[in-house]
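> I have a structure I would like to understand better, so I am pasting it below and will then ask my questions one at a time.
The values are calculated or read from the model by the stated rules, or taken from the named source; none is laboratory data. Note that the structure is predicted; figures quoted are calculated from it, not measured. With ideal geometry, Cβ positions are generated from the backbone for all residues, glycine too; neighbour counts draw on all protein chains shown.
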Amino acid sequence: MSSSRRPAGQLEQDVLGCLADAEEALSPREVQERLGRHLAYTTVTTILSRLHTKGVVSRRLAGRGFVYELPIPLDDVPASIQAHRMRQILDSGDDRAGVLARFVTDLTPEDEQVLLQLLTETDRNEHR
């Protein structure tokens, strides 16, 4: 393995940081230029596409291509990725209620309290 190789996930983090610092949605070319590296355009588009698939970045059509933005604070990205994975698992099965029931049954008392608090806050916010 070459010593010039980036640590796993570093390029994703760099792209996320670039989007977080931007005041507007960026095209892959703009991300490539802002990173100031000798990265292939296809590498940048692949990273952006993967981040979109993970549910972390949003994209919209602009001209003949997409522009990307980070709609959440950078610090919220890890939780967003995990939540997206959880939704994928729920969406992949036939017994959504059963999976949720099993998940809740297996929670620690501390996690149950956090979940109850979050559900209560969500309910209050929806009734405002």
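> Quick check, is L48 modelled with pLDDT under 95, surrounded by 10 or more Cβ atoms within 10 Å (Cβ to Cβ), in contact with a helix residue (DSSP H, G or I) (Cβ under 9 Å, 6 or more places away or on another chain) and among the hydrophobic types (A, V, I, L, M, F, W, C)?
Against the criterion (modelled with pLDDT under 95, surrounded by 10 or more Cβ atoms within 10 Å (Cβ to Cβ), in contact with a helix residue (DSSP H, G or I) (Cβ under 9 Å, 6 or more places away or on another chain) and among the hydrophobic types (A, V, I, L, M, F, W, C)), L48 does not qualify.
> Go through (1) touching a helix residue (DSSP H, G or I) at 6+ places or on another chain (Cβ under 8 Å); (2) crowded, with 16+ Cβ neighbours inside 10 Å one by one and return the number of the condition V99 breaks.
Evaluating V99 over (1) touching a helix residue (DSSP H, G or I) at 6+ places or on another chain (Cβ under 8 Å); (2) crowded, with 16+ Cβ neighbours inside 10 Å leaves (2) as the failure.
> Determine, yes or no, whether S80 is in contact with an Asp or Glu (Cβ under 7 Å, 6 or more places away or on another chain) and without any contact (Cβ under 8 Å) to a residue 40 or more places away in the chain.
no
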